[in-house]
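Report on one structure; see the data block that follows.
The values are calculated or read from the model by the stated rules, or taken from the named source; none is laboratory data. The model shown is predicted, which means the values in this text are computed figures rather than measured ones. Because the Cβ atoms are built from the backbone with ideal geometry, glycine has one as well, and the counts that use them run over all protein chains shown. All accessible areas refer to the heavy atoms of the entire protein, side chains included, with ligands and DNA or RNA removed. Shrake-Rupley method; radii C 1.70, N 1.55, O 1.52, S 1.80 Å.
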Amino acid sequence: MKIKDVAETLERFAPLPLQESYDNAGLQIGLTAVDNLTGVLLCLDVTEDVLLEAHERGLNLVVSHHPLLFRGLKRIADEDEVQRCVRLALRLGIGIYSAHTNLDNAAGGVNWALAELLGGENIRALQPQASAAKPESGSGAVFDLQQPMTGREFIETLRTALRAERVMTNWNEKFRRLTPDYLVRRVAVCGGAGDFLVPDALYAGADAFLTGEMHYHQYFGYEGKLLLCVAGHYETEHHAIGLLHNILAAAHPTLRVEASQTNTNPIVNY
């Protein structure tokens, strides 16, 4: 097998045209038609430790969710981890491929998988994006819960399902005073940095919105209207590794496809 076989499989599921204009999904390092695959290591982020892990396990392709090469490089030295990773990957003969916002936006992609992780039903795109390749694609996802939950029950469900140490939320005293019997029936989600979709969540009739990051001032003004839950970028996207595994294992059952054991989350809660 070649890198191109893995790339074609991933791009059938999440076509590159689905990625956002600022993104750089796809092949990062490698020769798609030349390099013979010994196996694939899946990760959220490409770091030096991940590349060393791939080498130690005899796997010569890393497939990540977040692109290593997100912005242009003017030099390849050792001034930052991106430059060091490029040098290390080339030295070790490891290819790198990233499926980022195209995998987020694809029907059945990262946000759909997040909805399924929370027990969602009737899942659909929160902000639909017309695509001939993936007609149900779009940013975020919105779904219905099997059973209504109180705000506190929903927050605790997130902590458990996402293995999150904390959930930042606007479930404050004012919110609880305005709507003491607030129930969550419909939920909108966007893994990673998704606060741009808050208006769409309201428009879709969501009772709660989950994302990984949100600016401070966006927490204001939604008391009694929308329960905002921010559980961390890593926490709302690390399930992408399992999604990538399912896609590749189904198409290439004899290919070694393994999840990285390296925790790449740079944020620690004390």
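For the range 108-126, which residues satisfy the criterion of being farther than 20 Å from Thr160 by Cβ, within 17 Å of the chain's Cα centre (by Cα) and open to solvent by 70 Å² or more (accessible area, probe 1.4 Å)?
None - no residue of the range 108-126 is farther than 20 Å from Thr160 by Cβ, within 17 Å of the chain's Cα centre (by Cα) and open to solvent by 70 Å² or more (accessible area, probe 1.4 Å), so the list stays empty.
Right, Asp207: closer than 19 Å to Leu117 by Cα, surrounded by 18 or more Cβ atoms within 10 Å (Cβ to Cβ) and of a type in the set (Asp, Glu) or not?
For Asp207, the condition - closer than 19 Å to Leu117 by Cα, surrounded by 18 or more Cβ atoms within 10 Å (Cβ to Cβ) and of a type in the set (Asp, Glu) - is met.
Collect the residues in the range 140-194 that are polar (S, T, N, Q), surrounded by 20 or more Cβ atoms within 10 Å (Cβ to Cβ) and without any contact (Cβ under 8 Å) to a residue 60 or more places away in the chain, keeping them in residue-number order.
Of everything in the range 140-194, just one residue is polar (S, T, N, Q), surrounded by 20 or more Cβ atoms within 10 Å (Cβ to Cβ) and without any contact (Cβ under 8 Å) to a residue 60 or more places away in the chain, namely Asn170.
Out of everything in the range 127-139 that is of a type in the set (S, T, N, Q) and assigned to a strand (DSSP E or B), what residue ends up being most open to solvent (accessible area, probe 1.4 Å)?
Step by step, filter the range 127-139, then rank; the result is Gln127.
Scan the range 36-59 residue by residue and report those that are among the small types (Gly, Ala, Ser) and at negative phi.
Within the range 36-59, Ala54 is the sole residue that qualifies.
Among residues belonging to the range 195-204 that are within 18 Å of Tyr22 (Cα to Cα) and free of Cβ contacts under 8 Å to residues at least 60 places away in the same chain, point out the one that is surrounded by the most Cβ atoms within 10 Å (Cβ to Cβ).
Asp195
Filter the range 115-154 down to the residues that are among the acidic types (Asp, Glu) and modelled with pLDDT of 95 or more and list them by number.
Result: Glu116, Glu121, Asp144, Glu153.
Going through Gln218, Gln261 one at a time, which residue ends up being open to solvent by 50 Å² or more (accessible area, probe 1.4 Å) and within 18 Å of the chain's Cα centre (by Cα)?
Gln261
Being touching a Lys or Arg at 6+ places or on another chain (Cβ under 6 Å) and among the hydrophobic types (A, V, I, L, M, F, W, C), is that true of even one residue in the range 203-215?
Yes: one or more hits.
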